[in-house]
Amino acid sequence: MKKIIYSVLMLATMACTFTSCEDVPLPYGWPFVSDGGGGETPEVPADAVGTGTADDPFNVAAALALINQLGADVNSEDVYTKGIITAISEVSPNFGNATFKISDTEDADNELTVYRAKYLDNKNFSSEDQIKIGDEVVIFGKLVNFRGNTPEYTQGCYIYSLNGSGGGGGGGSEGTPSGSGTLADPFNAMGAVKYAQSLGADVESPNDVYIKGKVASITNNYVADNYGNATFYISDDGKDENTFYCFRVLYLNNQKYTSGDLLKIGDEVVICGKVVNYKGNTPETVGNKAYLHSLNSSGGGGGDNPPSGDAKGDGTEANPYNAVAANNAASALPSGGESEEVYVAGIISSVKEVSPQYGNATYYISDDGKTDNQFYIFRGKYLEGADFTSADQIKVGDKVVVKGKLLNYMGNTPEFAQGNYIVKLEPGEGGGGGSDTPGPGGEVSGNSITVTMSSFGLANATDAGTLTLTDGTTLAFAGGENTNNSPKYYDGGGGAVRMYAKNTLTISAQKAITKVVITCTDPASGTVYNGNDMMYGEAGGKRVTVKKDSDTQVTFSDFSNKSLFICNDYTEAKAGTQLRILKIVITYAD
């Protein structure tokens, strides 16, 4: 175990207790008090016992005293603490962890919170009855003074021993890391753990990496009401130890899961995506920024997997590459290398994002509009290099010819480099997994139009997407910086579209808009749904401040432009106040 040094005190012999060795420094830093002569003397809690090692764990009083030396949200090194469980907040077999409190006595004095701990041997909890009040435990992990007011063990800790049994776990054998994170040499589970730990706390990896392993356990196989992703653990042998946490991973082809039986324990997977050391203590994939590159050796493609169909074309305007040929040509480039400008033709097979805010779109094309053998178009512009101004300017099934430079991104992702643009567009009839377009809604009266969200005939709990009004104005809902929650329509409350933190709405019209009034659902259980106070609008480069008229109405005014971009902004891409839109009234210039 690593030696720990805090303040100006150095590690002393582990054989001494805090009260018996007066002539040597204490093993860890403790609060100081003046000795009355200008110096300082350690203030040692009278009931503090232990040195924090496996053989001589802290008691709770000692752990709490050490935490008092830490700044807010500063983690200690890994230490051992012994105590008695006095309260249990939650044991979650679903997530494999438990949150509880320990103390030196059963009287619950001077409690220490143990936050989301794993079970013995650093394994997942599988049953709620694996611990109970009165159990004696030794916990291994990092201590923290959470937000400066909550002493606790951070997530990532585990039970080292329970009622005298145990004493192994992740603090011992950690498995052997291997791999370099490329497609040809993917990380194994512990390789991914070590790489993520090398990043700063909450810092995403700069590039996608590849991780190979077998599914050891599944937390969420498919969330039908939310995002079509899966959360699970992988290891080298499919056992529930030396695992890597795969958080909200999408299916093959970077697509959403469509059922709960597509992934099972024991499946061999290769995952492609970004990783992060969440809160500095949980190595995992970044939610919705990773997907299954292969499942039991069957590949899905996804932009980075060169397809195996027939290559056609030579990349000229007269004879464009098809998706297969474009992938092959890009894959032949050196890592990070770009080609001269070429032409690629195909049918849009899926649309990842259309951003009127940034004027570009990211999507895939293939020969038949299906998600097999597709090519990745990254942040392309609209016809002849114009900005995208509406999310409905392209859709699945459209035939396109795109011009730009091929790129072998990081040596593993063939794509069109940013700066490409559409030179030819033929609207299609949909396909390749596209969905029916909601019918137009809205009633025109004078120089305004009023539309209710329930008038579009959207199914419950579906993405709002882009909605077209009877006068041609469009409402383009998007996730924005929130990669976990996209705007969705729900029947409840009269039928409303819910915009979560950092979700966006772009209203685009053929004539200048001067005011937008949004009616929200009624408050429920004291919670209002009129958006965050940081919510804003942008029109023609002008920031438009939202006016909260009441708990159920907000207004954007004092502008005149054909487009209004609204963001339900917040300090982070979660929590905050939802904007639940029942009705929108749009007023145009006379």
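The values are calculated or read from the model by the stated rules, or taken from the named source; none is laboratory data. Quantities reported herein were computed from a predicted structural model and do not represent experimental measurements. Glycine also receives a Cβ, built like all others from the backbone with ideal geometry; neighbour counts cover every protein chain displayed. Just so you know, the surface numbers come from the protein's heavy atoms only, side chains and all, with ligands and any DNA or RNA stripped out. Shrake-Rupley method; radii C 1.70, N 1.55, O 1.52, S 1.80 Å.
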Mind listing just one residue for me: the one in the range 90-110 that is modelled with pLDDT under 90 and under 24 Å from Ala65 (Cβ atoms) and, of those, least open to solvent (accessible area, probe 1.4 Å)?
-> Ala108
Of all residues making up the range 382-429, the number that are under 27 Å from the mean Cα position of the chain (by Cα) and in a strand (DSSP E or B) | 7
Could you please give the count of residues in the range 271-282 that are within 22 Å of Thr182 (Cβ to Cβ) and open to solvent by less than 20 Å² (accessible area, probe 1.4 Å)?
-> 6
Restricting attention to the range 445-481, the residues that are outside any loop (DSSP other than H, G, I, E, B), more than 16 Å from Ala509 (Cα to Cα) and within 32 Å of the chain's Cα centre (by Cα) number exactly 7
Would you please name the residue that is farthest from Gly419 (Cα to Cα), looking only at residues in the range 382-404 that are open to solvent by less than 20 Å² (accessible area, probe 1.4 Å) and touching a residue at least 40 places away in the same chain (Cβ under 8 Å)?
-> Gly397
List the number of the failed condition for Gly302; all other conditions in (1) farther than 30 Å from Glu340 by Cα; (2) of a type outside the set (S, T, N, Q); (3) surrounded by 20 or more Cβ atoms within 10 Å (Cβ to Cβ); (4) at pLDDT below 85 hold.
-> (1)
Close pairs from the range 314-325: first under 7 Å from Ala345 (Cα atoms), partner exposed (fewer than 13 other Cβ atoms within 10 Å of the Cβ), Cβ under 6 Å, at least 6 apart | none
Looking only at the range 528-541, decide whether some residue is open to solvent by 70 Å² or more (accessible area, probe 1.4 Å) and of a type in the set (S, T, N, Q).
-> no
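Of all residues in the range 202-213 being under 22 Å from Asn97 (Cβ atoms) and surrounded by 19 or more Cβ atoms within 10 Å (Cβ to Cβ), which is nearest to the chain's Cα centre (by Cα)?
In this case the residue turns out to be Ile211.
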Candidates Asn288, Asn242, filtered to the one that is open to solvent by 20 Å² or more (accessible area, probe 1.4 Å), modelled with pLDDT of 80 or more and within 18 Å of Ser217 (Cα to Cα) = Asn242
With the condition kept exactly as written, say whether any residue in the range 146-169 is over 25 Å from Thr219 (Cβ atoms), among the basic types (Lys, Arg) and at pLDDT below 90.
-> yes
Just give me the residues in the range 252-279 being under 15 Å from the mean Cα position of the chain (by Cα), not in a strand (DSSP E or B) and not polar (S, T, N, Q), in sequence order.
-> Lys256, Lys279
Positions within the range 245-270 being open to solvent by 60 Å² or more (accessible area, probe 1.4 Å) and not charged (D, E, K, R), in sequence order = Thr258, Ile265
Just name the residue that is surrounded by the fewest Cβ atoms within 10 Å (Cβ to Cβ) out of those in the range 111-123 that are at pLDDT below 85 and not basic (Lys, Arg).
-> Asp121
Residues (part of a loop (DSSP other than H, G, I, E, B) and either out of contact with any Phe, Trp or Tyr (no Cβ under 9 Å at 6 or more places or on another chain) or open to solvent by 30 Å² or more (accessible area, probe 1.4 Å) (or both)) located in the range 367-381 = Asp367, Asp368, Gly369, Lys370, Thr371, Asp372, Asn373
Could you grab me the full set of residues in the range 451-498 that are under 19 Å from Gly287 (Cα atoms) and surrounded by 19 or more Cβ atoms within 10 Å (Cβ to Cβ)?
-> Ala478, Gly479, Gly480, Asn482, Asn485, Ser486, Pro487, Lys488
Candidates Gly336, Gly359, Gly369, filtered to the one that is at positive phi, small (Gly, Ala, Ser) and without any contact (Cβ under 8 Å) to a residue 60 or more places away in the chain | Gly359
Arg580 being more than 18 Å from Gln357 (Cβ to Cβ) and part of a strand (DSSP E or B) = yes
